[in-house]
1. Of the conditions (1) among the hydrophobic types (A, V, I, L, M, F, W, C); (2) buried (at least 20 other Cβ atoms within 10 Å of the Cβ); (3) away from ligand 1 (no atom under 15 Å from the Cβ), LEU119 clears all except one; give me its number.
2. Out of ALA126, ALA190, which single residue is closer than 27 Å to LEU233 by Cα, part of a helix (DSSP H, G or I) and within 9 Å of ligand 2 (Cβ to nearest atom)?
3. Please work out which one of (1) surrounded by fewer than 16 Cβ atoms within 10 Å (Cβ to Cβ); (2) in a helix (DSSP H, G or I) is the condition HIS84 fails and give its number.
4. For region 28-49, name all the residues that are open to solvent by 20 Å² or more (accessible area, probe 1.4 Å) and either within 13 Å of ligand 2 (Cβ to nearest atom) or assigned to a helix (DSSP H, G or I) (or both).
5. For VAL134, state whether it is free of Cβ contacts under 8 Å to residues at least 60 places away in the same chain, crowded, with 21+ Cβ neighbours inside 10 Å and of a type in the set (Val, Ile, Thr).
6. Say we look at region 175-201 and pick out the residues that are more than 13 Å from ligand 1 (Cβ to nearest atom) and under 23 Å from TYR83 (Cα atoms); which of these is surrounded by the fewest Cβ atoms within 10 Å (Cβ to Cβ)?
7. Only residues that are of a type in the set (A, V, I, L, M), under 22 Å from the mean Cα position of the chain (by Cα) and open to solvent by 10 Å² or more (accessible area, probe 1.4 Å): list them for region 88-109, please.
8. Determine which member of the set ILE204, ILE147 is surrounded by fewer than 23 Cβ atoms within 10 Å (Cβ to Cβ), within 30 Å of LEU112 (Cβ to Cβ) and at pLDDT 95 or above.
Amino acid sequence: MARSALLPRSWELSWRDYFALTKPKVVLLILLTAVVGMFLTGSLPSPLVAVAATLGIGLMAGGAAAINHVLDRRIDIKMARTYHRPVAQGRVQTLPALVFAFSLSAAGLAVLLLWVNALTAWLTLASLLGYAVVYTVWLKRATPQNIVIGGLAGAMPPLLGWTAVTGDFHGHALLLVMIIFAWTPPHFWALAIHRRDDYAKADIPMLPVTHGIEFTKTCVLLYTLLLTLVCLLPWVVGMSGPLYLLGALALNLRFIQWAWRLKFRPEPQTALQCFRFSISHLMWLFVLILADHWINYG
Ligand code: HEM
Ligand SMILES: CC(C)=CCC/C(C)=C/CC/C(C)=C/COP(=O)(O)OP(=O)(O)O
């Protein structure tokens, strides 16, 4: 197709590349956790609030991911996993990528302010800044605890879903945040073990680079144990029933089994398999919380 005479070459849209900037699969799982937060409040959200909150949080999470692509372009080009990324490769130039990222983020903020509520809008902006600025610019390059602290930004969406519907905080929403917060270290460190040499080459102080692979495997195992305890809390406080308890135990035992295998009986692909399982774990856990809630409360 002929190139538009109105746009410089670098501004031409390659939808696939721009879509990739938003880290769509990550945002999809983030949205699942936000939607579960919305439906656990006890009062059914109006269709307008449910759609606007999902759209607004999705746009801002996608915007945060696109900012991350721009700020990380020099380290992404050094690592095999991220080498092909659109901004790192120069297929999307820095300026149009930033315009795209800020447009998504501003549109998301406007949707939340106009059709949801100010509390949710500002909390989502705090999450965006937490990931795109505090984690990406500072923590990622500064400390091996980067993903533990930065994980709070990615853990916020269930609370965002909750406040979208009620306009207020609640302990039950904070429990959901705690689950994702405890899940993030074994999720990421399993991948970081598999990609240790990439991070070393890019000079990023991820735990397997600074403290070694064996120490990181022990941390993964300990965090899966901590995660199991945190996952019991919704049942302990009466927020979830027996279906959730049984399902959560099964999912967490499987996660512990992967972490155990990674530590004591590893094969070349075990770390990657453990990382992949972490994604299924979180997805099914949140589906389960919602199914259990509907069975108990209709
Ligand atoms: C600071 C916190 C987090 C860190 C450091 C982290 C790190 C990563 C990394 C490095 C990848 C590989 C991406 C790739 O290969 O392109 C990944 C994949 C993924 N993460 Fe996370 N993650 C975090 C939080 C989250 C959260 C909160 C969610 C969702 C609730 C999530 C969901 C996913 C999903 C679904 C994938 C697979 C993406 C794909 O296959 O394209 N992550 N994560
Ligand atoms: C507004 C809102 C709810 C924000 C959510 C923030 C968000 C998109 C969190 C996702 C976390 C994530 C994919 C981290 C990847 O780490 P990395 O960037 O170090 O990984 P990479 O090497 O793959 O780029």
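1. Every listed condition holds for LEU119 apart from (2).
2. Only one candidate qualifies: ALA126.
3. With respect to (1) surrounded by fewer than 16 Cβ atoms within 10 Å (Cβ to Cβ); (2) in a helix (DSSP H, G or I), HIS84 is out only on (2).
4. If the condition is that a residue be open to solvent by 20 Å² or more (accessible area, probe 1.4 Å) and either within 13 Å of ligand 2 (Cβ to nearest atom) or assigned to a helix (DSSP H, G or I) (or both), then LEU28, LEU29, ILE30, LEU31, LEU32, VAL35, PHE39, PRO47, LEU48, VAL49 are the ones that fit.
5. So VAL134 fails the test.
6. Top of the filtered list is ASP197.
7. Going residue by residue through region 88-109, those that are of a type in the set (A, V, I, L, M) are 88, 92, 95, 97-99, 101, 104, 106-107, 109.
Those still in the list that are under 22 Å from the mean Cα position of the chain (by Cα) too: 88, 97-98, 101, 104, 106-107, 109.
Across region 88-109, the qualifying residues are ALA88, LEU98, LEU104, ALA106, ALA107, LEU109.
8. Values: ILE204 fails: within 30 Å of LEU112 (Cβ to Cβ).
So the residue among ILE204, ILE147 that is surrounded by fewer than 23 Cβ atoms within 10 Å (Cβ to Cβ), within 30 Å of LEU112 (Cβ to Cβ) and at pLDDT 95 or above is ILE147.
The values are calculated or read from the model by the stated rules, or taken from the named source; none is laboratory data. Here the structure is a predicted model, which is why all the values come from computation and not from measurement. Cβ: placed from backbone, ideal geometry, glycine included. Neighbour counts: every protein chain shown. Note: areas computed on protein heavy atoms with side chains; ligands, DNA, RNA excluded. Shrake-Rupley method; radii C 1.70, N 1.55, O 1.52, S 1.80 Å.
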